[in-house]
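This report refers to the structure that appears directly beneath it.
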Amino acid sequence: MKISGFIDSHLHMLGLGYYSSLVDLSQSKSIKDIQSILKNKLAEKIIIGKGWNQDQFIEKRNINKSDLNEVSNEIPIVLTRACGHVMVVNDRMLELANIDETTPQVCGGDFSYSDGIFREKALILIKDKLNRPTKEEIKKYFIKANQILIKNGITSVASDDFLTFDIPFQEIINIIEELYDNNLLQVRITEQVNLPKTKFLEFIKKGFVNKRFNNKFKMGPLKILADGSLGARTAYLSEPYSDDLNNYGINTFSDDELYEMVHLADKNHMDVAIHTIGDEASQQAIDAIKKSLQITKRENHHHALVHAQLTRKDQILEMKKYNIGAIVQPIFINTDIKIIDGRLGNRKSKVYLFKTMDKLLPLGFSTDAPVEPVNPFYNLYSALTYKSLKYPEYPSLNPSQCFTLKEALKAYTGNNLQFVYERKSDLSDYIIIDKDINKTDINKLKDIKVLQTYIDGKLVYSRNKKTL
């Protein structure tokens, strides 16, 4: 069956390729599992892993530096949680990073020297000490991500790539251009410009705002991270976590700082895409956008909240008033369904209001890959059922919010055009799948396979052949 190519309106393309090269810890059910995996990597100069999730561990706790020290005190070990908002390291890595008990905390994040755990903006203390990949390695990561995307029927993305590594943003732009020039990338990329203020000012000064480099590569909105994740308990909430009553999460910007970034973009006719998971982070973002729009009077903007998982109904109505969109990930239910009772208690029924948003706001689907699988059919299954693939024994999180297939496909294609700055679909971007999606049982949606992917009318992937 022929259908439109999927548009993923928020992921990390460079991260997707990079993560595929790291030690995969996503299936680990215990800290001992992780230790066993790491002990097989002791020939490496440094061990970098990703994907651990303490909510899957039989020990029911975070992994910490003592656990990693048991693996090695000589080889630095750096492990990033599945959400990307928490990192744990061993003593050897702390030594290399010159971090001890006297190291000052980082505004917008925190770390525990005794546990080796870093959260939010404190991750930079470790990331800055890791070796920068070479130009050829970065090319390899983008090419790998491109292959993963076209294999999954994704023909266009909005991607956050500038802060994956400590590399000047213009180098990333140059690499992407070079890859396109040599026909090594086929997927269309709208860059979500994730930069701190000083670098963003440089970006503006150099004339990159809304710049199109070719028919497949363009600059998109300013990407801002306003809080963390639900799983890491760093999402910024208006009420404390039900399983951690002294914790409201982390707001990575003050109100004034966030407004300053939003207004800097808005007055330069650039949209913002603000990562907000907690409801208090959503309110902070809505207030910043509202305050800026009252000055700039921009009418045809595409400002949006990315994730908006815990955004309340009253906030959705306020978003409607100011035409603030939502870029959401039904696939997050895959992992969150197991923890949401504990994290939120009786607030559970008032979250993930994506169907409500779809009726009132500009709304598009994405996966945030590599945080969750990039497979669109997994995401469609989550949208239609509000159930988890990983934990099928759990009932639907909120049946009243389930999408129809027609609504979900629209959110994944036509609705997403506004978030990749296109006015209409390119009919030459399409895929061939192995089933009639309109006649496929909901529970078998996740099993649909992409047979072929076409971009610009050219075959770029065939399941029975090597990627072209």
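Among the residues making up the range 207-240, those that are under 22 Å from D161 (Cβ atoms) and of a type in the set (D, E, K, R) are K211, R212, K216, K218, K223, D227. With the condition kept exactly as written, say whether any residue in the range 216-225 is touching a strand residue (DSSP E or B) at 6+ places or on another chain (Cβ under 9 Å), in the same structural domain as S159 (by TED's automatic domain parsing), part of a loop (DSSP other than H, G, I, E, B) and buried (at least 24 other Cβ atoms within 10 Å of the Cβ). Among the residues of the range 216-225, not one is touching a strand residue (DSSP E or B) at 6+ places or on another chain (Cβ under 9 Å), in the same structural domain as S159 (by TED's automatic domain parsing), part of a loop (DSSP other than H, G, I, E, B) and buried (at least 24 other Cβ atoms within 10 Å of the Cβ), which makes the answer no. Checked across the range 70-77, the condition of being modelled with pLDDT under 95, out of contact with any Gly (no Cβ under 7 Å at 6 or more places or on another chain) and within 25 Å of T164 (Cβ to Cβ) holds for no residue.
Flag: N90 does not match the condition of being at negative phi, of a type outside the set (G, A, S) and within 23 Å of the chain's Cα centre (by Cα). Note on the range 27-70: among residues that are part of a strand (DSSP E or B) and at negative phi, the one that is surrounded by the fewest Cβ atoms within 10 Å (Cβ to Cβ) is I48. All of (1) exposed (fewer than 14 other Cβ atoms within 10 Å of the Cβ); (2) part of a helix (DSSP H, G or I) hold for I204 with one exception: (1). Restricted to the range 93-172, the set of strands (runs of 3 or more DSSP E) holding at least 3 residues that are under 27 Å from G220 (Cα atoms) and touching a residue at least 12 places away in the same chain (Cβ under 8 Å) comprises 154-159. Can you tell me which of K449, K444, K410 is over 18 Å from I7 (Cα atoms) and out of contact with any Leu (no Cβ under 8 Å at 6 or more places or on another chain)? It is K444.
The residues on offer are K439, K449, K410, K444, and the sole one that is of a type in the set (K, R), surrounded by fewer than 15 Cβ atoms within 10 Å (Cβ to Cβ), within 29 Å of E191 (Cα to Cα) and out of contact with any helix residue (DSSP H, G or I) (no Cβ under 6 Å at 6 or more places or on another chain) is K449. Within the range 173-185, the set of residues being in a loop (DSSP other than H, G, I, E, B), of a type in the set (A, V, I, L, M, F, W, C) and surrounded by fewer than 21 Cβ atoms within 10 Å (Cβ to Cβ) comprises just one member, L184. Here is the figure for the range 107-123: residues that are surrounded by fewer than 17 Cβ atoms within 10 Å (Cβ to Cβ) and at pLDDT 95 or above total 5. Residue count for the range 125-159, restricted to those that are more than 21 Å from T80 (Cα to Cα) and of a type in the set (D, E): 1.
Candidates are the residues of the range 270-285 that are out of contact with any strand residue (DSSP E or B) (no Cβ under 7 Å at 6 or more places or on another chain) and part of a helix (DSSP H, G or I); the one that is surrounded by the most Cβ atoms within 10 Å (Cβ to Cβ) is A281.
Quick grid of which residues meet (1) free of Cβ contacts under 8 Å to residues at least 40 places away in the same chain; (2) not in a loop (DSSP other than H, G, I, E, B):
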| residue | (1), (2) |
| --- | --- |
| V209 | no, no |
| A232 | no, no |
| E257 | yes, yes |
| A265 | no, yes |
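For the range 319-328, indicate whether the set of residues that are in the same structural domain as A281 (by TED's automatic domain parsing), touching a Gly at 6+ places or on another chain (Cβ under 7 Å) and β-branched (V, I, T) is non-empty. Within the range 319-328, one or more residues are in the same structural domain as A281 (by TED's automatic domain parsing), touching a Gly at 6+ places or on another chain (Cβ under 7 Å) and β-branched (V, I, T).
The values are calculated or read from the model by the stated rules, or taken from the named source; none is laboratory data. Source: prediction; values computed, not measured. Neighbour counts run over all protein chains shown; Cβ positions are idealised from the backbone, glycine included.
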